[in-house]
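The values are calculated or read from the model by the stated rules, or taken from the named source; none is laboratory data. The structure presented is a predicted model; accordingly, all values stated were derived computationally and were not measured. Every residue, glycine as well, gets a Cβ built from its backbone with ideal geometry; the counts of neighbours run over all protein chains shown.
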Amino acid sequence: MGEAVAFAVTFALGVALNPIPVLAIVLMLATPRGLVRGAALSAGALAGLAAVTAVVYLVESGADPAEDGETATWVSVVQLLLAVLLVWLAARKWRARPRAGGDAPEMPGWVSALETITPARSAAAGFALMGINPKNVMIAAGAVTSIVATGAGTGEQVVALAVFVLVGVAGLGLPVLATALFGARAERALAIVREWMLRHHKVITAGIVLVIALVLLVDSVTALVG
C-alpha cells in the first residue's frame, strides 16, 4: 500500500500545484463573498477530480493489470504514452513562458471572470478545472495506471486514489481554509503568491508536468526492459 500511496501523492502534487487554479482561487477570495464562492469552487474541483479519477479507474480495472505476477505490458505502454504526451505539454508551456525583461503577463480572461460569478457557477468552474482540463485528465490517468500497476488490493487502491483526490485539491482548499481562519492576514500572503504565480505560472507548470512525465517514463521503461 505504501508504494500506491507514494504514487498517489507524487501525481496529486502535480495537480495541487497547478498555478492557474491557485490564481483563480486567490483572485476569487479577494472579492466580495469570495469565501463562499471559493468554497464552492473547491467543492466543484473535488467533485471533478474524483469523477475523472473514478472513470479512469473503472476503465482500467476492467483489464488485467498483471501478467504472470508482473506488470502487464499494456500498463507500461500506457504509462510510456502518457509520459511522451506530458513531455510535449511541458515543452509547450516552457516555450510560452514570459521572456526576461518582457511585459508582465496578463491574467487569463476566464480567470478574471471568476470575480463576479455566482457560487453555483463557481462550483461548475471548479468541476471543469479539475475534471475536464486535459492536463489533469492525463495526470489522473498516470496516477491510476501507476497505482494499479503496484498490484495492491482493491481496497488499498481505493485508499490511494482517495489520497490522490484529496491532495490534488489541496491547492484550492488550503487558501480557502487559510482565509476562513486568518482573514486579512491570509489575504495579504495570498496576494504575494498570486503575483508570483501570475509571472511564473508557465514555468511552474512546465516543471511539474516534466517531473511527472519522468516518473512515468522511468516506471514504464523499467517494466518493459526488466
Is it the case, given these coordinates, that ARG121 is exposed (fewer than 15 other Cβ atoms within 10 Å of the Cβ), among the basic types (Lys, Arg) and over 17 Å from VAL56 (Cα atoms)? no
Residues of segment 1-27 classified as in a loop (DSSP other than H, G, I, E, B) and either surrounded by 24 or more Cβ atoms within 10 Å (Cβ to Cβ) or at pLDDT 90 or above (or both), total: 1
Specify the residue that is farthest from ALA152 (Cα to Cα); the eligible residues are those in segment 75-98 that are modelled with pLDDT of 75 or more and of a type outside the set (A, V, I, L, M). ARG95
Tally of residues being surrounded by fewer than 24 Cβ atoms within 10 Å (Cβ to Cβ) and of a type in the set (Ser, Thr, Tyr) across segment 28-43: 1
Check whether at least one residue in segment 207-217 is without any contact (Cβ under 8 Å) to a residue 40 or more places away in the chain and surrounded by fewer than 19 Cβ atoms within 10 Å (Cβ to Cβ), and report yes or no. no
Output the residue which, of all residues in segment 134-154 that are closer than 14 Å to GLY2 by Cβ and out of contact with any Ser or Thr (no Cβ under 9 Å at 6 or more places or on another chain), is surrounded by the fewest Cβ atoms within 10 Å (Cβ to Cβ). GLY153
